[in-house]
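The values are calculated or read from the model by the stated rules, or taken from the named source; none is laboratory data. Just so it is clear, the structure is predicted and the values come from calculations on it, not from any experiment. When we count neighbours, we look across all protein chains shown, and the Cβ atoms used for this are built from the backbone with ideal geometry, even at glycine. Keep in mind that these areas ignore ligands, DNA and RNA; they rest on the heavy atoms of the full protein, side chains included. Shrake-Rupley method; radii C 1.70, N 1.55, O 1.52, S 1.80 Å.
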Amino acid sequence: MNDIIDIAKEFGTLYEPKSALIFYESSDSNKTMYVEHFDMDRNGNPVNAHPLTINEAKELAKSLNTDEEKDKTFLQSKGILPTHILNINPSQNGSVLWYSPSQERQMYFVKNLGIPNGKAKVPALLWLANKERVSVFALASDKRPTEKTLLYYAPFFNMYEHGAVCMGTVDIHIKNSASVEEFTNAWEDYFFNSYFSHLLDNYNPIKGNCANLWKKLIETAETFPVGVLKKNGKTLKNVLR
């Protein structure tokens, strides 16, 4: 995908340098340590050197503990785990498998496709994402999928045949402290707030013309016709491997 709608609310906080620490070690056999604290001027240069005070050491410890706590909250639920979450891998990069029911979504298309931007009904979808990339598959119904549920190709532009999404120049930023709800919402927003632009590798994800399908759905607000979906020969269990 080539462009993205403003989702600055997903971006992290901007931090500016305020202070610096230099650790000194004695050259004798005792190897004693001494820490010096520097303030930073408006140009980022260290000034006002002085020994690290007890209060400054406490603030440093508090900051380190806060960062550690943020890492622990990654992909944790804010409450009871939502029913649309199917699998969570809480490793450092993290991954989540979830599904979304058929619904109406705002969609954006590049001008040369001849499809107006607007709202359209989309089918139920299966999502698999980590911090850096996402794969999307279509489902035949809104029923909660199981390991045996058959998967279909996601009926969108910018899709690779194996399910991965080409995000183009979109700047993906998933917070290290993101809850599982924030994580899944962010990825769905990245996907639908980006501009759909082209088919990849001469691969057509549906039965019929993809551009004509989405133009009709936006102009008529009809329910997505699941009959145009193409099976990809996989089940949910295959995606989990």
What number, in nm² with one decimal, is the all-direction average of the projected area of the convex hull of the alpha-carbon atoms of the chain? 19.2
Can you give me the Cα centroid spacing of segment 151-174 and segment 72-138 in angstrom? 11
Looking at segment 175-241, which GluC sites (Glu not before Pro) are DSSP coil and have at most 13 other C-beta atoms within 10 Å of their C-beta? GLU222
Can you pull the percent of the chain's accessible area that's carbon plus sulfur, 1.4 Å probe, other chains left in place? 50
Any chance you could give the angle, 0 to 90 degrees and rounded to 10, that helix 210-220 forms with the longest Cα principal axis of the chain? 90
log10 I(q)/I(0) for segment 96-193, Debye formula on C-alpha points only (no solvent), q = 0.22 Å⁻¹, two decimals, reads -1.32
Looking only at the chain, where both bridge partners belong to it, what percent of the DSSP beta bridges are antiparallel (to the nearest 5)? 95
For Cα pairs less than 8 Å apart in space and 6+ apart in sequence, what is the mean separation divided by the residue count of the chain, i.e. the relative contact order in percent? 23
